[in-house]
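Every number here is computed from the coordinates shown, using simple stated rules; none is lab data. The structure presented is a predicted model; accordingly, all values stated were derived computationally and were not measured. Glycine also receives a Cβ, built like all others from the backbone with ideal geometry; neighbour counts cover every protein chain displayed.
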Amino acid sequence: MSTDATLPPNDPQDPEPAPGSALRRLRAATEAVAEPLVEGVGAVIGSAIESFRESSGRRARRLGRLGREPLPSLPDLYPDARRARPVEIGLRTVDVAAIRGTAVGGGDQRGADFLPMRKFRGHNWRARWQRLRRAHDAMIDLPPIDVVKYDDGYWIIDGHNRVGLALYAGQVDIDASVVELIPPGGQRTEPLGSLAAQVESSRPVRGRVDAESALE
């Protein structure tokens, strides 16, 4: 008997089921399901390839253009946020795309890529940036950023450089310690973190970069 794993159609070792048989109906149903699945997998692979292409060049150019525009500022865009009630939510993994800008001063000195504009990039910042990049390349866990949530978006208190690094690296999400700002008459939209999660988040994380040596 042949050991060839790829048998041609109608091979005597793999006879075609008789018309109308249960086996033939099952095969037809299987092929009908398999075809869109294969097409779907092809679409996913195509999307992944397109994303990779964007990350290799277009992303850097796109973010470079954003870096020439001032970073949106929560106090400037939403003055009423000062009257909001802060509620500590805890650790969350948030979408990088949902981070809109800064919650502290100095937004006019940072670009919309969350990094300082070129004229504000001193030697100390460049050294910190290189340490961040080395930590990222070594897959070292970085501390969560600190954000406030307001108007269905996140605004950075601490961690602008880490968000900039995530953007340039094509990172989809990032760990964050979240405080939600609830306007007068409004309601909380985030579930509160559990006590166990808060205790766990306070423990040292293996490989974390020291905040004073590597972060802003």
Q. What ratio of Cα Rg to 2.2 N^0.38 Å holds for region 94-163?
A. 1.14
Q: Could you grab the relative contact order for region 69-197? Cα pairs under 8 Å, six or more apart, rounded to a whole percent.
A: 39 percent
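Packing-wise, with mean Cβ within 10 Å as the measure, how do 158-168, 69-79 rank, highest first? Mind showing how you got there, number by number?
On the way: 158-168: 22.1, 69-79: 16.3.
Most protected by this proxy first, the peptides run 158-168, 69-79.
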Q: For region 50-177, count the residues as N, evaluate 2.2 N^0.38 Å, and divide the Cα radius of gyration by that value, please.
A: 1.06
Q: May I ask you to derive the FRET efficiency for L192 and D95 from their Cβ-Cβ distance with R0 = 22 Å, giving the value to the nearest 0.05?
A: 0.65
Q | Full-stretch length increase - F120, A60 - with 0.36 nm per residue and alpha-carbon distance subtracted | A | 19.7 nm
Q | Simple spin-label estimate for R82 and Q109 in nanometres, 7 Å along Cα-Cβ | A | 2.1 nm
